[in-house]
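Please read the structure below before turning to the comments.
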Amino acid sequence: MPELLLEIFSEEIPARMQVRAAEDLKRLVTDGLKAAGLAWTRADAYVTPRRLTLVIDGLPDHTPPLEEERKGPRADAPAKALAGFFRNFGVDAAKLEETFNKHVAPSGARGEVAEELVAKALREVGVKNVARQVPMAPGRRLDIAFERNGRWFGVEVKSRPTDKGSVIFAYICAEAQATSALLPDIVRDVLVKFPWPKSMRWGSSRFGWVRPIHNVLCIFGGEAIGLTVDSGSLLDSPDILAETNVSSIGRAPHRIKANNITYGHRFLAPAAIAVANFAEYQTKLRAAKVILDQAERRAIIDKATQEAAAKLGLSLRPDIGLLDEVTGLVEWPVVLTGAIDEQFMGVPQEVLITAMRTHQKYFALLDKAGKLSSKFLVISNMETPDNGKTIASGNERVLRPRLSDARFFWEQDKKTPLASRVAKLGERTFFEGLGTVADKVERVRELAKLFALHTKCDAALADRAALLCKADLVTEMVGEFPELQGVMGRYYALHDGEKPEVAQAIAEHYKPQGPDDSVPSAPISIAVALADKFDTLAGFFAIGEKPTGSKDPFALRRAGIGIIRLILDNKVRVMLWTMIQRAVVAYSKDAPNAGKEILDFIIDRLKVYLRDQGARHDLIAAATGRAEDDLVRLVARIEALADFLKSDDGANLLIAYRRAANILRIEEGKDSAKYGGDTDAGLFAAPEEKTLADAIAATEAQSSAARSSEDFAGAMAALAKLRAPIDAFFDKVTVNAEDAALRVNRLRLLSGIVKAMDRVADFAKVEG
């Protein structure tokens, strides 16, 4: 079956947009094919800095002919139902509903849907080329024909009597159409409507793309399709003509005409290349110094940099983000080695790494001790006769002024003590409505002293770290490299003679910043990190800036997960509700629901976190339903519950619990009563009743003692002792006895089973 090959060849596409653009190209073209009734077997998209490529295999030569009858709604159905039915024909349902309401409802003509009204409705919703009485099927003259996605559809609309009244039926017919005739409209529509985050126009064209397009290759079945994108000229606009006082006569619109031509590497093989299919296209591009597959380029760069580092006796500093970015900058990667001037090696290594990474896209190398080496790697897009020596030298030359600036900032910043910079934080707004950064610092200080009690650290040192934690925001270095906030604060604090643990807390208080980031373990660092994150959540929730759907502009979900990881990894015993209330009150905002919303938010984040760690969702629900806000204790309860249910006693006891709960629910529903009272020992008619009642009482006492000492495994073990008496009770005793008093007493026994188990966990939420 024929293959479709599409390439949009342009100036360099920004690396950050490439992966999404390839996905969008594949999605939009395949959606267009699907809408036209075309199927395919495989679709693959590729991207390099200068080209977006899509290859689709298994397309048919023609669309399949369509001939089917569809049953619709009742003829007197509401306009919304009629519109929904016609949406099957590619008609906008909302607009069609308006049309039916306007033309059909007032005339009372819903009993018979007149073809004239339907045709008028189709025209009103923007369906072009509407015709009537078109012969499109043998022996039929169809009421309406219209064109969608380059394909003609014929529709015969009739209403027929059925046992449910008069119902609309539509006979739909479409002739087979050549795929090559449909592709130009599909591809043209994708090019014109492509969703770039940012696009540009060039010349006088109305056409927009991320960068100027040089060529479009579009081949189907080995032949270039007749595709031309003609977007017109900006100078055709009357407003533009009036402003510029020029005529549009003779101004050619922007036209892109598809062909079977591509181009190789910009410098190494720029000549035009004619191709007939994807295999030839990929092979010839590689010969022209272009590696089309982004994953292959990434693997080549990764392997080559590792090997280059090993040859130097060094190791590559891991940097997945930089690897991804550099992959989007080159079509023919060549790894070269450069060197940092020794005069700059006294600057903190984080500064050097950031300067190389941010400004120059260089890979840093580390020595055996893990310290920054003076060597670095650069990925070139060129092969040269001197094996890249000139390119490497040029990169070293460009790097020097960058590092010279960094060294200047470092030396200047050290002249001003960090503590003296705190006052300037009052000139920086934290967020509109939440005061200045200095205000935030004061709130974090109070919270840090409270958390110091729970992390068992010196409250005075926690307060000092909180005071200084944001001071580096007003340094020259952090102004140039914002990603170094906290890191530079540590260096400046140590230079000023602050205690090492204070300096460490300044560096770590932003952590963890992601799922792979390390979690601070030093008590002062934990206290300040928790204080900062609680304050952030309290502030944004207080002013209603909460995460919604996929949007989280202030990284509050990350803050929530950070709190969870800090608490669980370090087993910090703290009551969330108490700390949340203290954080919210510090803002002096009238936000009565903020505290509860934050608690629910953190518990929801905990559920996500634990599921990612492999915990069962039902056990999480069973444990979090206990109004527990000590996360360490909550996780211990979940772990104990999981272990208990893996045992035979646990599995069988869960069955007994459900049996008791179901009987109780059914009988309480029948009687419109609750049977939660105490049992009457004088009414026990069978020894199994007394045995079960005694077991429940003993279990309650043992379980309560175990829970008080946070021995949740012991609490589960106490529950396990209920298994035998419950089994015996159900084997020997009839709950729904004829004697009413006896029946009520036995239902209360079942209630006792449920209560005893629910005090440990909400077993009703456990599945399986």
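The values are calculated or read from the model by the stated rules, or taken from the named source; none is laboratory data. Just so we're clear, the structure is a prediction, and the values are computed from it rather than from any experiment. When we count neighbours, we look across all protein chains shown, and the Cβ atoms used for this are built from the backbone with ideal geometry, even at glycine. Heads up: the accessible areas ignore ligands, DNA and RNA and are worked out on the full protein's heavy atoms, side chains in. Shrake-Rupley method; radii C 1.70, N 1.55, O 1.52, S 1.80 Å.
Brief remarks on what is shown
- Here the accessible area of the range 153-209 is 50 percent carbon and sulfur, with a 1.4 angstrom probe and all protein chains present.
- A straight line joining the Cα centroids of the range 414-438 and the range 695-726 runs 55 Å.
- Across the accessible surface of the range 600-658, with the other protein chains kept in place and a 1.4 Å probe, carbon and sulfur atoms take up 45 percent.
- Taking 7 Å steps out from each Cα toward its Cβ at ASP612 and TRP202 produces label points 4.2 nm apart.
- At a probe radius of 1.4 angstrom, the accessible area of the range 301-406 per residue rounds to 47 square angstrom.
- Cross-link reach is defined here as a Cα-Cα straight distance under 21 Å, omitting same-chain residues fewer than 8 places apart; for LYS193 the lysines meeting it are LYS26, LYS34, LYS128, LYS257.
- The residues of the range 1-68 have, on average, 41 Å² of accessible surface per residue, using a 1.4 Å probe with all protein chains present.
- Surface accessible to a 1.4 Å probe, per residue, for the residues of the range 422-570, Å²: 40
- Of the trypsin sites (Lys or Arg not before Pro) found in the range 666-768, those that fall in a DSSP loop while having at most 12 other beta-carbon atoms within 10 Å are LYS674.
- The aspartates and glutamates whose alpha-carbon is closer than 16 Å to the alpha-carbon of LYS456, local same-chain residues fewer than 8 away aside, are GLU446, GLU501, ASP569.
- Heavy-atom accessible surface of the range 346-390: percent carbon and sulfur, 1.4 Å: 51
- For the residue pairs LYS551/LYS765; LYS646/LYS670; LYS607/LYS674; LYS470/LYS533; LYS449/LYS571, the alpha carbons lie more than 23 Å apart in LYS551/LYS765; LYS646/LYS670; LYS607/LYS674.
- The range 1-66 versus the range 486-564: alpha-carbon centroid distance in Å: 43
- The simple Förster model, with R0 at 22 Å and r as the Cβ-Cβ distance, assigns GLU280 and HIS214 a FRET efficiency of 0.60.
- Were the residues from ASP458 through LYS499 laid out at 0.36 nm apart, the gain over their Cα-Cα distance would be 13.6 nm.
- Three-way shape label, the range 575-721, alpha-carbon gyration tensor, a/c 1.5: prolate
- In a DSSP loop and with at most 11 other Cβ atoms within 10 Å, the trypsin sites (Lys or Arg not before Pro) in the range 315-375 are LYS368, LYS371.
- Proximal aspartates and glutamates relative to LYS158, as straight alpha-carbon distance under 20 Å, when same-chain residues fewer than 8 apart are discounted: GLU67, GLU68, GLU69, ASP76, GLU97, GLU112, GLU115, GLU116, ASP143
- Helix-derived mean residue ellipticity, 222 nm - over the chain, DSSP H n ≥ 4, -39500 (n - 2.57), to 500: -15000 deg cm²/dmol
- When the Cα gyration tensor is reduced to axis lengths a ≥ b ≥ c, the ratio a/c is 1.5 or higher for the range 283-326, and with a/b not above b/c it is classed as oblate.
- Cα gyration tensor category, rounded, prolate or oblate, for the range 410-541 with a/c compared to 1.5: rounded
- Based on the convex hull around the alpha carbon atoms, the range 699-752 presents an average projected area of 4.0 nm².
- FRET efficiency estimate (nearest 0.05) - Cβ-Cβ, ASP517 to GLU383, R0 45 angstrom: 0.70
- Potential lengthening between ASP367 and ARG20 on full extension [0.36 nm per residue; Cα-Cα distance subtracted]: 121.3 nm
- Within the range 373-449, GluC sites (Glu not before Pro) in DSSP loop having at most 15 other beta-carbon neighbours inside 10 Å: GLU383, GLU432
- The range 279-302 versus the range 313-389: alpha-carbon centroid distance in Å: 23
- Cα-based Lys proximity count in the range 357-425, under 27 Å, for pairs eight or more positions apart or on separate chains: 11
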